[in-house]
Each structure stands twice: as structure tokens, then as C-alpha cells.
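Working notes, beginning with the structure itself.
The values are calculated or read from the model by the stated rules, or taken from the named source; none is laboratory data. Note that the coordinates shown come from a computational prediction; the quantities given were computed from them, not determined experimentally. Reconstructed Cβ throughout: ideal geometry from the backbone, glycine too, with neighbour counts over all protein chains shown. Only protein heavy atoms, including side chains, enter the accessible area calculation; ligands, DNA and RNA are left aside. Shrake-Rupley method; radii C 1.70, N 1.55, O 1.52, S 1.80 Å.
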Amino acid sequence: MPLVRVDLMEGRPPEVIEELHRRLAELVAEVVDTPIERVRTYITQFPPEAWGIGGVPASVARREEVEARAAAAVERAAP
């Protein structure tokens, strides 16, 4: 049973995470020649302040990216 783990900075839309699960499973099943039903995927999302890039939190180093994801999440949540 293959298990693929991915760590990402949080803020991506749920449909992107779903697609990542699907495509990772498809790729692993193909490469290791196993039924897709045997493939497991595990995606962990961390807050930007928990990531460090060159000794600087991602919330600072990638401020524009983090703010853009947050704004997009608010737009998705609006009725």
C-alpha cells in the first residue's frame, strides 16, 4: 500500500486539494503498477507563520502570496 505525504502552506481552495489527491494517486498507481484503490494520500496544510524560508517566516517572506490566498478564500466564502 503506497502512501504519499505532502506538506503545503494552507490557503489553497478545497478543489485544488481534491485534485492533488486524485492526481497523486493516479500517478503513483501508474508508476508503481498498483491498483489506485491501494494508494493512500495524506496532505498536511500548515499556517504561513509555521514555515521558515531562509530564516524568515513565510507569512513575511511570501506576504503577497499569503494575502492573495486569504483574499481568494474570503471571496469563495462570500454568498
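To the nearest 0.05, what FRET efficiency results for Ala78 and Val4 with a Förster distance of 30 Å applied to their C-beta separation?
Numbers: r = 33 Å, r/R0 = 1.11.
About 0.35, to the nearest 0.05.
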Sorted largest first, the Cα spans of the chain on the principal axes come out in Å as 42, 39, 13
Of the accessible area of the chain, computed with a 1.4 Å probe and all protein chains kept, carbon and sulfur make up a percent value of 55 percent
Once both label points are put 7 Å beyond Cα along the C-beta direction, the Ala50-Arg22 separation in nm becomes 2.6 nm
When the charge dipole of the chain is computed with +1 on Lys and Arg Cβ and -1 on Asp and Glu Cβ about the Cα centre, the Cα farthest towards its positive end, among Ile43, Ala68, Val28, belongs to Ile43
Probe 1.4 Å, heavy atoms of protein chains only: per residue, the accessible area of the chain in Å² is 72 Å²
Scattering profile of the range 38-79 from the Debye formula, Cα beads only, expressed as log10 I(q)/I(0) at q = 0.27, 0.30, 0.32, 0.33 Å⁻¹, is -0.90, -0.98, -1.03, -1.06
The helix 14-32 Cα axis meets the longest alpha-carbon principal axis of the chain at an angle in degrees, between 0 and 90 and rounded to 10, of 30 degrees
